[in-house]
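What follows is a set of notes on a single structure, which appears directly below.
The values are calculated or read from the model by the stated rules, or taken from the named source; none is laboratory data. Just so you know, these numbers come straight off a predicted model, no measurement behind them. Cβ placement follows ideal geometry from the backbone for every residue including glycine, while neighbour counts extend to all protein chains displayed. What goes into the accessible areas is simple: the full protein's heavy atoms, side chains included, and nothing from ligands, DNA or RNA. Shrake-Rupley method; radii C 1.70, N 1.55, O 1.52, S 1.80 Å.
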Amino acid sequence: MRILLLEDNFDTRFKMKLSLEKWGYDVVSVDNISLAITIILAEKIQFVITDWIMPDGNGTVLIQGVRTLNLPFYTYMILMTSLDDTQFTEQVVEAGPDDFILKPIHLDELLARIRAGEHRLKKLQENNFRMTEISNKLLATNEVTKHDLKMAANMQRSLLPIASSNIQGITIEWLLRPSTNMSGDIFNFFRLDEHHVGFYILDVAGHGTASAMQSSVLSRLLSPDMGYSNHLKFSLPEAPYYQLRSASSVVENLNQQFQTNIDYILYFTMIYGVIDTLSCTIELCQAGHPHSLYLQKGKQAEFIVSGGLPVGIITDASYESVHLKYCSGDRFFLYSDGITECESPDGEMFGSERLRLFVDETRHLNVSEVTRLFDERISSWRRSEGFEDDISMLVLEIL
């Protein structure tokens, strides 16, 4: 071990240096604080024995100077002094040496204190090594977790419909801005049969992985590609061998299956709808979700106010559907409360009326341009990186 000895008296410094070298230590001896700090930095000295009184200050100046450097290694410091009073003790404690020894120096006591310092340094180094190992493992685990979350987010995104999809004369655009890597919001738009198109938007309570996993499970259950009997259809013994479930019955069945309890509190809000392209009607069931906006050609956008409780709150909750007659050029906007409850830096919510006015103002634009502009609008409103809640919007347009 290399020891830095700081002592202004030449004879004392010379005798101590000889003793330290006799005990097997590599010794660098200096007579001023400035040079001592330079050597500590250059040679990464981890053990210092310093006198209290020096020409360019006292030992506490050196100790405090080293401590404030926040070096990547620990320097053990023993302070030598001939003073033995209360004031000295207070100053020593404030300066922060690891140990001190009174002059005149007794060599056996000095050696014992050095050995104790060596032992402490060894323990610190062992602890630092273990902490470094733990830190490296945590970093590696964190990188794996980040990679897994990124892959999971990509998988979740693959469940979303293709933008500008067109099914039976119905086209869509959408916007999704998760608050974390993965989203508790999800939506879809799909062909049910030759004359029916289904769509939904849902928002699982909470944020992060748990809500995202729940939304992914729900997206699979609400898929039309599950045979004749599933959450969207039930089978019949004769042709056409299936019948579409009503929007309200789809929501009711989900409510029976996903009930909140002590261990499972991921309830969700949703809107499920079925478009009949023969009768030009839409059936909607809203379950605790923000009211959808209906923009009819030549009329102001209006909210479709109806629905029931969020799914999973009460077992015997009942749900009703709304039936609307649509015309070519009409638009439907479905969105999560992450939009209406998005706060500005001043704490003001974006609100449903501001959204309604935006929908009215942009009615002359194509839907892809509308979603792009709204992305800019809500980001400008937020004026900070990221959102506190997931942002999602699904826009349907009748061609």
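Accessible area per residue was computed with a 1.4 Å probe on protein heavy atoms; W174 scores about 50 Å².
With a Förster radius of 25 Å applied to the beta-carbon distance between L357 and S328, the computed FRET efficiency rounds to 0.55. The residues of region 313-354 present an accessible area of 52 Å² per residue when probed at 1.4 Å with all protein chains retained.
Computed over the alpha carbons of region 1-63, Rg followed by Dmax gives 10.9, 30 Å. Summed over qualifying helices (DSSP H, 4 residues or more, each -39500 (n - 2.57)) and divided by its residue number, the chain shows a 222 nm mean residue ellipticity of -12500 deg cm²/dmol. A cut-off under 14 angstrom between Cβ atoms defines the neighbours of N136, and their net charge, with Lys, Arg +1 and Asp, Glu -1, is 0.
A 1.4 Å probe over all protein chains sorts K233, K297, K17 by accessible area into K297, K17, K233, starting with the largest.
Tell me, what % of the accessible area of the chain is carbon and sulfur with a 1.4 angstrom probe?
It is 54 percent, rounded to a whole number.
Once backbone amide H atoms are built at 1.01 Å from N, M77 has V48, D98, D99 as its partners under 5 Å, excluding neighbours fewer than 5 places away on the same chain. Rg of the Cα atoms in the chain, relative to 2.2 N^0.38 Å, amounts to 1.70.
The charge dipole of the chain, taken about its Cα centre with unit charges on the Cβ of Lys, Arg, Asp and Glu (plus for the first two, minus for the last two), comes to roughly 880 debye.
Above 14 Å, the calculated P(r) of region 306-394 contains 72 percent of its Cα-Cα pairs.
For Q168 and N32, the difference between the fully extended length at 0.36 nm per residue and the C-alpha to C-alpha distance is 40.1 nm. In the assembled protein chains, H364 presents an accessible area of approximately 140 Å² (probe radius 1.4 Å). Between I391 and residues 5 or more places away or on another chain, which pairs have amide H atoms under 5 Å apart, with H built 1.01 Å from N, and which residues are they? Placed amide hydrogens put R177, S179 under 5 Å from I391.
Rounded to the nearest whole Hz, the Karplus-based 3J(HN,Hα) values (6.51 cos²θ - 1.76 cosθ + 1.60, θ = phi - 60°) of region 385-391 follow the sequence 6, x, 10, 6, 10, 5, 10, with x at glycine and proline.
Between M1 and N128, the FRET efficiency estimated from the beta carbon spacing at R0 = 25 angstrom works out to 0.95. Volume per residue of the convex hull around the Cα atoms, evaluated for region 1-128, comes out as 102 Å³. For S179, the accessible surface of its heavy atoms amounts to roughly 30 Å² (probe 1.4 Å, protein chains only, rounded to the nearest 10). Less than 5 angstrom separates the built amide H of D330 from those of K297, I398, all sequence-distant by 5 or more or on a different chain.
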